[in-house]
Amino acid sequence: MSGPMWAKSAQKAFLFSLVSSRLRGTDSLSGLLPVPRRPIIDMSYSAHFIDFKGSSIASRMKKVVVNKLSPKFREAASVQTVPVPTPADADLLVRNRFVGINASDINYSAGRYDPTVQPPFDAGFEGIGEVVGLGLTASSRFTMGDTVAYFSSGAFAEYSVVPAKESVPVPSAKPEFLTLLVSGATAYIALKRLGDLAKGETVLVTAAAGGTGQFAVQFAKQAGCHVIGTCSSNEKAAFLKSIGCDRPINYKAEDLAKTLKTEYPEGIDVVYESVGGSTLELAVNCLAKKGRLIVIGFISGYQSASGIPKFRGATLPVKLLQKSASIRGFFLPHFISDYKEALTQMMQMFATGKLMCEVDYGDLAQEGRFVGLESVFRAVDYMYAGKNLGKVVVEVAPPSNSSSKL
């Protein structure tokens, strides 16, 4: 998720009112990924269809709550045990199987999205899991056992109440689907709308082996471009090669500025930039004539007090003018009209093996795989240490073995 000022209202307006209303029913996405349907037996509105015959829902659950505003996630949040919530008429109760870790979890815990929201508030943005309860209105489109993915505040929990209209039906609880909702969509739309990619152009992707960078590499390559990707290890460089990156650059082993100047003396046509600070300065200096630099975030500053990395931009107007170049900011909620097409295309590519969605479960982390809500803190640290390859996810719970007949 890009950008430091994701307003809560923008969240609500952004993904789910769009996705559910346009992608459900007879939409081509539903046809591509059919979900087996089962009849609802319990028609008791007052029970909200929660876990028919009470077979598998616990009375209490764990969730991550922000108790104080701070960009230091461990300082800001804690795991609390609370009653499992009851879904309202138009809601789903989702037993989370996986939750996604985003760079902007730090921005959220620091109170940068909506200054009017004060602690305590629930943390986390993305989840995928099984519908185990729902309201009467919600039952017109979902039923028990459906698998859904969603992007909504409060995802770092064992159970989440999510409005049915803000839920995306998916065929299984694979965390790969989480990678498409925001990370994939950001890369797809930003490059299509702001990149103006042309076959044969040179594209630079910073943090290329990360959650959104992996998609920018693949989409630029599919457009017929020569793709350069920055990364921090030889393992990541090998991964980038495997998804089509022409020139991975391990900036810990090579001088990035020198390499770009030597190997690409004519400059870079398009830069997909998410790091900020000195990396952004270098990207500006490397732009070709009529080059386009797309800013989708600046993670290098998120853990600072301001959330913004230092940038020496005094000569920026001159540099842009001399090259007829441009810097373009990308904020996903401003492009909701493009979302349906983006998600549909990515789902089709993933289903046909034309798009790789790399997920990092933390198997190589010092304390092992990220399992259980307590692992959220390790997962955030792991990502900010630059150790992840692909999208970082936490396995909240094992697959359900419910004996419910619904």
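What the table shows:
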{"read-out": "Efficiency of FRET from Cβ geometry, Glu367 and Val82, R₀ 22 Å, rounded to 0.05", "value": "0.30"}
{"read-out": "Sequence-distant residues sharing a close amide H with Leu293 (under 5 Å, placed H)", "value": "Val271, Ser326, Ile327, Arg328"}
{"read-out": "Proximal aspartates and glutamates relative to Lys319, as straight alpha-carbon distance under 17 Å, when same-chain residues fewer than 8 apart are discounted", "value": "Glu266, Asp269, Glu281"}
{"read-out": "Too-long pairs where the Cα-Cα distance tops 28 Å, listed order kept, from Lys192/Lys236; Lys72/Lys261; Lys290/Lys340; Lys236/Lys354; Lys241/Lys340", "value": "Lys72/Lys261; Lys290/Lys340; Lys241/Lys340"}
{"read-out": "Relative contact order (percent, whole number), the stretch 72-124, Cα cutoff 8 Å, 6+ residue spacing", "value": "44"}
{"read-out": "Label-point separation in nm, Ser172 to Arg328, each point 7 Å along Cα→Cβ", "value": "3.7"}
{"read-out": "Spatially proximal aspartates and glutamates relative to Lys174 (Cα-Cα < 18 Å; intrachain offsets below 8 disregarded)", "value": "Glu126, Glu130, Asp146, Glu158, Glu358, Asp360, Asp363, Glu395"}
{"read-out": "Förster-model FRET efficiency, 35 Å R0, Gln348 and Asn67, C-beta, rounded to 0.05", "value": "0.25"}
{"read-out": "Rel. contact order, % - alpha carbon contacts under 8 angstrom, at least six apart, the stretch 183-334", "value": "20"}
{"read-out": "Charge-dipole axis of the stretch 247-406 as Lys and Arg at +1 and Asp and Glu at -1 on Cβ define it, positive-most pick from Ala385, Ala342, Ala288", "value": "Ala288"}
{"read-out": "In Hz, Karplus ³J(HN,Hα) per residue of the stretch 351-360 (6.51, -1.76, 1.60; θ = phi - 60°; x = Gly, Pro)", "value": "5, 9, x, 9, 9, 8, 10, 6, 10, 10"}
{"read-out": "Shape of the stretch 106-194, Cα gyration tensor, a/c cut at 1.5", "value": "oblate"}
{"read-out": "From phi via Karplus (6.51, -1.76, 1.60), per-residue ³J(HN,Hα) for the stretch 372-386 in Hz, x at Gly/Pro", "value": "x, 4, 4, 6, 4, 5, 5, 5, 5, 4, 4, 5, 6, 7, x"}
{"read-out": "Ranked packing of 144-154, 374-384, 253-263, most packed first, by mean Cβ within 10 Å", "value": "144-154, 374-384, 253-263"}
{"read-out": "Virtual paramagnetic centre 7 Å along Cα→Cβ of Glu75, amide N under 20 Å, in the stretch 299-316", "value": "299-310"}
{"read-out": "Sequence ranges 326-332, 277-283, ranked by mean other-Cβ count within 10 angstrom, highest first", "value": "277-283, 326-332"}
{"read-out": "Rule-of-thumb Rg ratio for the stretch 183-334 [Cα; 2.2 N^0.38 Å; N residues]", "value": "0.96"}
{"read-out": "Hydrodynamic radius of the stretch 304-401 per Kirkwood, over alpha carbon pairs, in Å", "value": "17.9"}
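FYI, it's all coordinate maths here, none of it is from the lab. As the structure is a computational prediction, the values presented were derived from the model and not from experiment. No Cβ is skipped: glycine too gets one built from the backbone with ideal geometry, and neighbour counts run over all protein chains shown.
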